[in-house]
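Let me begin by presenting the structure, written as structure tokens, before commenting on it.
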Amino acid sequence: MSNTPPDETPGPETGRPVVAKTDDAPAELSTGARPPSRAQPGPQQAGGKEKNRWILRTAWKGLCPRCGKASMFQSFLKLRDVCPSCGLNYRFASPDDGPAFFSLCIVAFPLMFFVVWLEVVHEPPFWVHLLTSFPLMLIGCVLPLQPIKAWLVASQYVHRAQEAGTEHLWEKLHGQDDEPKI
């Protein structure tokens, strides 16, 4: 393989990747056979407030952080492999235990203080805790998991979060067309 930069690499006749740039999005790799499919990309080049608004808007609705159209979830917490609208590959996303951590910090810890306060001040029977505290804890911790996971994925995409030394993988993942090469 030659040492030429990706933007000077020959196109589809060689089968090697080419970098395709648009005015509103970062460079992405494609096979060169067709331009990367895009629908109104998220504001990766925009200012901080616009980025944050985009992240929150798409995360709250569970939409793709690039196009803002299709859902990023296959089921309640399982991410799709690829966005059906714009083709964004979600393999870059690794929210791992982040949603559970934030859900516990935001809901469970404050609610636990309420449960302890209720027990110390009023000393209710155990069934009162079963009817109040347990459902509040369960609903309060499970319901925000999807928006929090979507927020983490959208943040990773918009801010191009990556581990040090993996820049080439980011470029490969965001331009990869999941179709067989001819």
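Find the residue count for segment 83-95, including only residues that are touching a helix residue (DSSP H, G or I) at 6+ places or on another chain (Cβ under 9 Å) and either assigned to a loop (DSSP other than H, G, I, E, B) or modelled with pLDDT of 95 or more (or both). I'd like the intermediate steps shown before the answer.
Filtering segment 83-95 for residues touching a helix residue (DSSP H, G or I) at 6+ places or on another chain (Cβ under 9 Å) gives 83, 88-95.
Filter once more, keeping what is either assigned to a loop (DSSP other than H, G, I, E, B) or modelled with pLDDT of 95 or more (or both): 83, 88, 93-95.
Count: 5.
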#### Entry: Scan of segment 43-62 for residues that are assigned to a loop (DSSP other than H, G, I, E, B) and within 12 Å of the chain's Cα centre (by Cα), ordered by number
Gly62
### Message
Of the conditions (1) outside any helix (DSSP H, G or I); (2) at pLDDT 90 or above, Lys149 satisfies every one except a single condition; which number is it?
### Response
(1)
### Query
Could you list, in sequence order, the residues of segment 99-143 that are closer than 30 Å to Gln156 by Cβ and polar (S, T, N, Q)?
Ser103
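Hey, could you check segment 72-90 for residues that are of a type in the set (Ser, Thr, Tyr) and over 11 Å from the mean Cα position of the chain (by Cα) and say which is nearest to Cys141 (Cα to Cα)? Outline the logic, then answer.
Within segment 72-90, the subset of a type in the set (Ser, Thr, Tyr) is 75, 85, 90.
Still in the running and over 11 Å from the mean Cα position of the chain (by Cα): 75, 85.
Values: Ser75: 18, Ser85: 30 Å.
That would be Ser75.
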### Residue list for segment 106-141, filter: in contact (Cβ under 8 Å) with a residue 24 or more places away in the chain and under 22 Å from Ala59 (Cβ atoms)
Ile106, Val107, Ala108, Gly140, Cys141
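Kindly provide the set of residues from segment 95-119 that are within 12 Å of the chain's Cα centre (by Cα) and either farther than 19 Å from Val142 by Cα or loosely packed, with under 11 Cβ neighbours inside 10 Å (or both), ordered by number. I'd like the intermediate steps shown before the answer.
First pass over segment 95-119, keeping only residues within 12 Å of the chain's Cα centre (by Cα): 95-96, 98-99.
The answer is Asp96, and nothing else.
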### Query
So Pro65 fits all but one of (1) in contact with a Phe, Trp or Tyr (Cβ under 6 Å, 6 or more places away or on another chain); (2) not in a loop (DSSP other than H, G, I, E, B); what number is the exception?
(2)
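The values are calculated or read from the model by the stated rules, or taken from the named source; none is laboratory data. The model shown is predicted, which means the values in this text are computed figures rather than measured ones. With ideal geometry, Cβ positions are generated from the backbone for all residues, glycine too; neighbour counts draw on all protein chains shown.
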